[in-house]
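Novice: Have a look at this one before I ask anything.
We did not get these values from a lab; they are worked out from the coordinates using the rules stated. Bear in mind that the values here come from a model prediction, so they are computed numbers and not experimental data. Here the Cβ positions follow ideal geometry from the backbone for every residue, glycine too, while neighbour counts run over all protein chains shown.
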Amino acid sequence: MRRNPPSKLLPGVTAFLLGVVSAASARPAANIGQDTRRFASICLTGDQLLLQLVPREEIAALSWLAADPDLSPRWREARSLPAVRGGAEELLALKPDLVLAGAYSTPQTKAMLRKLGIPVLEIGIPNDFADLREQILSVGASLGVKERAEAIVRELDGRLVHFSKARESGSPPKALFVFADGSVPGGGTFPDAVLRAAGFENLGAILASKKPGGRERPVALESILLSRPDLVIFTAYHEGDPTFNGHFAERGIWRRLPFRKETVPFRQLATPDVENLSLVERLQTVREELTKPEEKTR
């Protein structure tokens, strides 16, 4: 089958883009304060924020990862909403008033949207609960739902205060996360913040700091054993089709090692979200069990 050379396709591509530009130019300027608003997201962090902050009827589309149960904390809520792959053409057809995008989301898409007058709000990935708090308030203001954002932050702050009061004095037990690829998150990461909020010392902050990069690095089993953890937390990813490391964690030498082992869904760490507080609560229960004095035998 013969294919048309690129030179013969150019007129058609050019005509299509001209039509897109004309349609966008005829579209009224975005006004976030208007009654009918349409928002879209092309990143996981933006997906979670839209699902928390605005009514479903105002969500034009979420990223295709929003409904992935391995990555998205709110995947159930996202299943019935339109999804996009992040291409400029599909977003232009939705005529959104604002698009939430990650710092590393498709640069060509972000540039095209801005060129055609569609606002793009770039958001980062929070490294701790203070970052998450600030992000919710900032994005809420941009979406015109300041009061809703403030209500979510009050709930976040209240639960964190509750966790801090529940923490016991004395030396915290030692713990670390081990991801499905064998990497361990270090200090200055959201998993580090989760462990500290639950009352643990993150051994990953020490082990990963000895590696180049220092934030999330593979760590040898021997190094983990020598650090003498009280708790190792594995992350379940693609539970129906586990990775080699996941299989090894369930059936290999890990099962015979003398420390507490827990497994949590990777989605509870993949995207920082208020929903992740449920993981803090679970780990706090584990900490209480680890630090509970043994009953004296009669």
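Novice: Rounded, prolate or oblate: pick one for the range 37-124, where a ≥ b ≥ c are the square roots of the eigenvalues of its C-alpha gyration tensor, a/c under 1.5 means rounded, and failing that, prolate if a/b is larger than b/c, else oblate.
Specialist: The shape class here is prolate.
Novice: Please give, to one decimal in nm, the separation of the simple spin-label points placed at GLU288 and GLU90, each 7 Å out from Cα toward the Cβ.
Specialist: For GLU288 paired with GLU90, the spin-label model returns 4.5 nm.
Novice: Provide the per-residue ³J(HN,Hα) series for the range 256-264, in order, calculated from phi with Karplus coefficients 6.51, -1.76, 1.60 and θ = phi - 60°, each as a whole number of Hz, with x at glycine and proline positions.
Specialist: For the range 256-264, the Karplus curve yields 9, 8, x, 8, 5, 10, 10, 10, 10 Hz.
Novice: So which chymotrypsin sites (Phe, Trp or Tyr not before Pro) in the range 83-192 end up in coil per DSSP with only 12 or fewer other C-beta atoms within 10 Å? Mind dumping the intermediate values first?
Specialist: Values: sites: TYR104, PHE129, PHE163, PHE177, PHE179; in loops: TYR104, PHE179.
Loop-located and lightly packed - TYR104.
Novice: For PHE234, which sequence-distant residues (separation of 5 or more, or a different chain) have an amide H within less than 5 Å of its own amide H, given hydrogens modelled in the peptide plane?
Specialist: VAL178, GLU262, THR263, VAL264
Novice: Further question: Using a 10 Å cut-off around each Cβ, can you sort LEU113, LEU100 from fewest to most neighbouring Cβ atoms?
Specialist: Arranged by neighbour count, lowest to highest, LEU113, LEU100 become LEU113, LEU100.
Novice: Shifting gears a bit: Please give the residues of the range 58-85, grouped as numeric ranges, whose backbone N is less than 18 Å from a label point set 7 Å along the Cα-to-Cβ vector of THR263.
Specialist: Those under the cut-off are 69-71.
Novice: How much length, in nm to one decimal, is gained on full extension between ARG228 and SER171, taken as 0.36 nm per residue of separation minus their Cα-Cα distance? Provide the component values of the computation, followed by the final result.
Specialist: Values: separation 57, 0.36 × 57 = 20.52 nm, distance 1.44 nm.
Extending this stretch completely gives an extra 19.1 nm.
Novice: If you don't mind, another one. Under the rule of at least 5 residues apart or a separate chain, name every residue whose amide H is placed under 5 Å from the amide H of LEU98.
Specialist: Placed amide hydrogens put ARG38, ALA40 under 5 Å from LEU98.
Novice: Follow-up. Grab the beta carbon distance between LYS115 and LEU160, set R0 = 41 Å, and tell me the FRET efficiency rounded to 0.05.
Specialist: Numbers: r = 41 Å, r/R0 = 1.01.
Once rounded, the FRET efficiency stands at 0.50.
Novice: Right, here's the next one. Using label points projected 7 Å from each Cα along Cα→Cβ, tell me how many nm separate ARG79 and ARG256, to one decimal.
Specialist: 4.1
Novice: Also, quick follow-up: Apply the Karplus curve 6.51 cos²θ - 1.76 cosθ + 1.60, θ = phi - 60°, to the phi angles in the range 269-280 and return the couplings in whole Hz, x for Gly and Pro.
Specialist: These are the phi-based 3J(HN,Hα) values: 10, 5, 10, x, 6, 4, 4, 5, 4, 5, 5, 4 Hz.
Novice: Gain in length, GLU122 to SER278, computed as 0.36 nm per residue apart minus the alpha-carbon separation, to one decimal in nm?
Specialist: 53.4 nm
Novice: Let me ask you something else. Using θ = phi - 60° and the Karplus relation 6.51 cos²θ - 1.76 cosθ + 1.60, list the HN-Hα couplings for the range 150-158 in order, rounded to whole Hz, with x at every Gly or Pro.
Specialist: Going residue by residue, I get 5, 5, 5, 5, 4, 5, 4, 4, x Hz, with x marking Gly and Pro.
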